[in-house]
1. Let me spell it out: the conditions are (1) open to solvent by less than 60 Å² (accessible area, probe 1.4 Å); (2) under 21 Å from GLU209 (Cβ atoms); (3) modelled with pLDDT under 90, and VAL132 meets all of them except one. Which number is the exception?
2. Which count do you get for residues in the range 225-245 that are assigned to a loop (DSSP other than H, G, I, E, B), in contact (Cβ under 8 Å) with a residue 12 or more places away in the chain and within 15 Å of VAL132 (Cβ to Cβ)?
3. Counting only residues that are out of contact with any strand residue (DSSP E or B) (no Cβ under 6 Å at 6 or more places or on another chain) and open to solvent by less than 40 Å² (accessible area, probe 1.4 Å), which one in the range 196-221 is farthest from GLN12 (Cα to Cα)?
4. For the range 180-190: of the residues being in a loop (DSSP other than H, G, I, E, B) and either in contact with a Pro (Cβ under 9 Å, 6 or more places away or on another chain) or of a type outside the set (Lys, Arg) (or both), which is least open to solvent (accessible area, probe 1.4 Å)?
5. Of the residues LEU156, LEU193, only one is under 29 Å from HIS118 (Cβ atoms) and either loosely packed, with under 15 Cβ neighbours inside 10 Å or modelled with pLDDT of 90 or more (or both); which?
6. Looking at (1) part of a helix (DSSP H, G or I); (2) among the hydrophobic types (A, V, I, L, M, F, W, C); (3) touching a residue at least 60 places away in the same chain (Cβ under 8 Å), which one does TRP98 not meet, given that it meets all the others?
7. Can you confirm whether the range 114-125 contains a residue that is small (Gly, Ala, Ser) and open to solvent by 20 Å² or more (accessible area, probe 1.4 Å)?
8. Among the residues in the range 115-124, are any more than 17 Å from MET205 (Cα to Cα), outside any helix (DSSP H, G or I) and out of contact with any Lys or Arg (no Cβ under 6 Å at 6 or more places or on another chain)?
Amino acid sequence: GIKKGGPEALIQMHLALLFWGFQTTLDTRRNKQGGNIKSFFRQAYKSELDGAPALRWFGGYSEWLASGRPEDVFIETETWACEPGLRYHQGKGRQVQWHLTVWKKKPRDDCTIAAHTHYIAQSYMKVSQRAVMYPYISPHIHEGAAASSNVQKTNLVLYDADAGVTDSDFVKKPISFDLGVAKGLEPKALYALYAKAKVCIDMKMPGAERFVYEAALYGCCIITDDEHNGGDNADLPIPDRFRIKSGDLKTMN
């Protein structure tokens, strides 16, 4: 039900599987966890969704799992625990627990594990890097970034709402700059800020935070810390001088 992040990752996975020839449906969890696909996504992925099977919805998690056939694969995020006893080799379908963040681990004995980042796979879930399914940056984001290359950059420092900092943590001397926070914005408004900002800050990143990847495409200098995914060079290959120690606000300034 939110505007970016996890829901878009699931939509992208759904559409990618369709592109590769799998018979794939997406359960929107309407009235349970979130809601219908946001109108922005319907516009951004219009051609793909127009050709996709109808979205499905089930009254509950167990009902969804019970709907499967032996050859089915159920891809669920880490917020859901694996259903005990649902094992693919017993003809009941396979469960894949796709970890988008360092969310508290749920029971997973009967699940195959996949991860959204190298850090989550190798350091957090302790599984092979072959289990990584990296973030996907959609064509409309690439196109928007390319089209914004002539936008004049301003002295704007943009930070993500969950970066663990507030306006009062920034020192505006001797350099004067404006502050912006990425919170509650429609995607197009956020892209416009990326295009204007010179510095984009996100820290304590629990997963593949779209903020840093998208902002970099828009020519924004990224600053992060070494906590969780931010400290993994495979996930965020930036010079170390732009990667501060967790909680080191003095160096950030």
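The values are calculated or read from the model by the stated rules, or taken from the named source; none is laboratory data. This is a predicted model, so every value here is computed, not measured. When we count neighbours, we look across all protein chains shown, and the Cβ atoms used for this are built from the backbone with ideal geometry, even at glycine. Surface areas here come from the heavy atoms of the whole protein model, side chains and all, with no ligands, DNA or RNA. Shrake-Rupley method; radii C 1.70, N 1.55, O 1.52, S 1.80 Å.
1. (3) is the only condition that VAL132 fails.
2. Let us first name the residues in the range 225-245 that are assigned to a loop (DSSP other than H, G, I, E, B), namely 226-227, 232-239, 245.
Checking the rest, the ones that are also in contact (Cβ under 8 Å) with a residue 12 or more places away in the chain come to 226-227, 232, 234-236, 238, 245.
Add one more test, that the residue is within 15 Å of VAL132 (Cβ to Cβ), and what stays is 232, 234-236.
So the answer is 4.
3. Step by step, filter the range 196-221, then rank; the result is TYR218.
4. Restricting to residues being in a loop (DSSP other than H, G, I, E, B) and either in contact with a Pro (Cβ under 9 Å, 6 or more places away or on another chain) or of a type outside the set (Lys, Arg) (or both), the top hit is LEU185.
5. LEU193
6. Failed condition: (1).
7. Yes.
8. Applying the first criterion (more than 17 Å from MET205 (Cα to Cα)) to the range 115-124 yields none.
The answer is no, given that none of the residues of the range 115-124 is more than 17 Å from MET205 (Cα to Cα), outside any helix (DSSP H, G or I) and out of contact with any Lys or Arg (no Cβ under 6 Å at 6 or more places or on another chain).
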